[in-house]
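> One structure follows; several queries about it will come next.
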Amino acid sequence: MSFANVPVDFVEHLEETEAILARVAEEFSPAVFASSLAAEDMVLTDIIFRNELAIDIFTLETGRLHAETLAMLPRISARYGRDITLFQPEQTTVDEYVNKFGRNAFYDSIDLRKECCRIRKVEPLQRALAGKKAWVTGQRRSQSSTRAELAVQEDDVANNMQKFNPLAAWSEDDVWRYLRANQVPYNPLHDKGYPSIGCEPCTRAIQPGEDVRAGRWWWENADTKECGLHMVDGKLIRIRATT
Ligand code: ADX
Ligand code: SF4
């Protein structure tokens, strides 16, 4: 495609991102990409599938995702002829939580919210990452204060592998420029005030001018708003890789 009439820094980001993904596929096999099926992750999905990179894509299907998010799965299969692998929580553990605390107990305390995220996201993530050398995420620095220091490549000491954030330097505008230029399918909730999309009961639309993650766990303070996917021993630790 032509990138005439787009800023030079956008083209630079794109070339760097494509190079990072190609290096992950070649040097860190087996590697996987964790896709939430949101806008950033559709940029990476498009690059991986169109270039036939040897990186499997998976989604943590928590059991509480929006219908619009789940509807992305057949749309992706139809567009690329490739499927996304789903990882789901252990049903017995979910049942224990629901029976003991209630289906929506995550509204009651930060601890119960984190426990729900642990059961529905973090434990399935560990299964998805087992035996892999690297994983890729769609995190960007400008998404939140907790991501401002995000490195493109990190030593994921908790999972004993490398972690790559190839969109770290991208702006939200860069993401939408890419999606529109390549006519990539995207979650329709993005057009309804949802710049960031997680589980249905823990995500709401934002007002114009609000922080992009203001609709995620909106009842909590900004500094607790991470689900544990990107943490080590309960803390966000940014370890730049030396390789
Ligand atoms: S998070 O707090 O839920 O992790 P966000 O929605 O901003 O935040 O996602 C950041 C990155 O985490 C995504 O780009 C993706 O790589 C990964 N991720 C988040 N949710 C999922 C999911 N349900 N399945 C797979 N990966 C996910
Ligand atoms: Fe549970 Fe909400 Fe976390 Fe989803 S985002 S796993 S529903 S607490």
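The values are calculated or read from the model by the stated rules, or taken from the named source; none is laboratory data. Small disclaimer: the values here were computed from a predicted structure and weren't measured. Reconstructed Cβ throughout: ideal geometry from the backbone, glycine too, with neighbour counts over all protein chains shown. Just so you know, the surface numbers come from the protein's heavy atoms only, side chains and all, with ligands and any DNA or RNA stripped out. Shrake-Rupley method; radii C 1.70, N 1.55, O 1.52, S 1.80 Å.
> Evaluate the following for Val136: is it modelled with pLDDT of 95 or more, open to solvent by 20 Å² or more (accessible area, probe 1.4 Å), under 14 Å from the mean Cα position of the chain (by Cα) and closer than 18 Å to Gly228 by Cα?
When the stated conditions are applied, Val136 does not pass them.
> Next question, about the same structure. Being within 16 Å of ligand 1 (Cβ to nearest atom) and over 17 Å from the mean Cα position of the chain (by Cα) is the filter here; which residues of region 184-203 pass it?
Once the filter is applied, which keeps residues that are within 16 Å of ligand 1 (Cβ to nearest atom) and over 17 Å from the mean Cα position of the chain (by Cα), region 184-203 yields Gly193, Pro201.
> Scan region 211-228 residue by residue and report those that are over 16 Å from the mean Cα position of the chain (by Cα), at pLDDT below 90 and under 17 Å from Pro195 (Cβ atoms).
Within region 211-228, Asp211, Ala222 meet the criteria.
> Answer yes or no as to whether Asn160 is over 20 Å from Asp191 (Cβ atoms), surrounded by fewer than 18 Cβ atoms within 10 Å (Cβ to Cβ) and among the polar types (S, T, N, Q).
yes
> For residues in region 167-195 being crowded, with 17+ Cβ neighbours inside 10 Å and touching a Gly at 6+ places or on another chain (Cβ under 8 Å), which is nearest to Phe49 (Cα to Cα)?
Ranking the qualifying residues of region 167-195, first place goes to Leu167.
> For region 40-62: of the residues being touching a Phe, Trp or Tyr at 6+ places or on another chain (Cβ under 9 Å) and of a type in the set (Ser, Thr, Tyr), which is nearest to Glu26 (Cα to Cα)?
The residue in question is Thr45.
> Now for a separate question. Does region 101-116 include one or more residues that are of a type in the set (D, E, K, R), open to solvent by less than 50 Å² (accessible area, probe 1.4 Å) and either within 23 Å of Phe28 (Cα to Cα) or within 22 Å of the chain's Cα centre (by Cα) (or both)?
yes
> Check off (1) of a type in the set (S, T, N, Q); (2) within 16 Å of the chain's Cα centre (by Cα); (3) more than 12 Å from ligand 1 (Cβ to nearest atom) for Asn165 and give me the number that stays unchecked.
For Asn165, the exception is condition (3).
> Same structure again: Identify, by number, the condition in (1) in contact (Cβ under 8 Å) with a residue 60 or more places away in the chain; (2) in a helix (DSSP H, G or I); (3) surrounded by fewer than 19 Cβ atoms within 10 Å (Cβ to Cβ); (4) more than 16 Å from ligand 2 (Cβ to nearest atom) that Ile76 doesn't meet.
(3)
> Follow-up question, since we're still on this one. Restricting to region 18-68, name every residue that is under 17 Å from the mean Cα position of the chain (by Cα), crowded, with 16+ Cβ neighbours inside 10 Å and part of a loop (DSSP other than H, G, I, E, B).
If the condition is that a residue be under 17 Å from the mean Cα position of the chain (by Cα), crowded, with 16+ Cβ neighbours inside 10 Å and part of a loop (DSSP other than H, G, I, E, B), then Ser35, Ser36, Leu37, Ala38, Glu61, Thr62, Arg64, His66 are the ones that fit.
> Given the criterion free of Cβ contacts under 8 Å to residues at least 40 places away in the same chain and of a type in the set (Asp, Glu), identify the matching residue among Glu40, Glu68, Glu27.
Glu27
> Residues that are touching a helix residue (DSSP H, G or I) at 6+ places or on another chain (Cβ under 6 Å), at least 1 per element: which strands (runs of 3 or more DSSP E) completely within region 126-196 meet that?
134-136, 161-164
> I'd like to verify a number: residues in region 1-17 that are open to solvent by 60 Å² or more (accessible area, probe 1.4 Å), touching a helix residue (DSSP H, G or I) at 6+ places or on another chain (Cβ under 9 Å) and either closer than 17 Å to Gly138 by Cβ or in a helix (DSSP H, G or I) (or both), how many?
1
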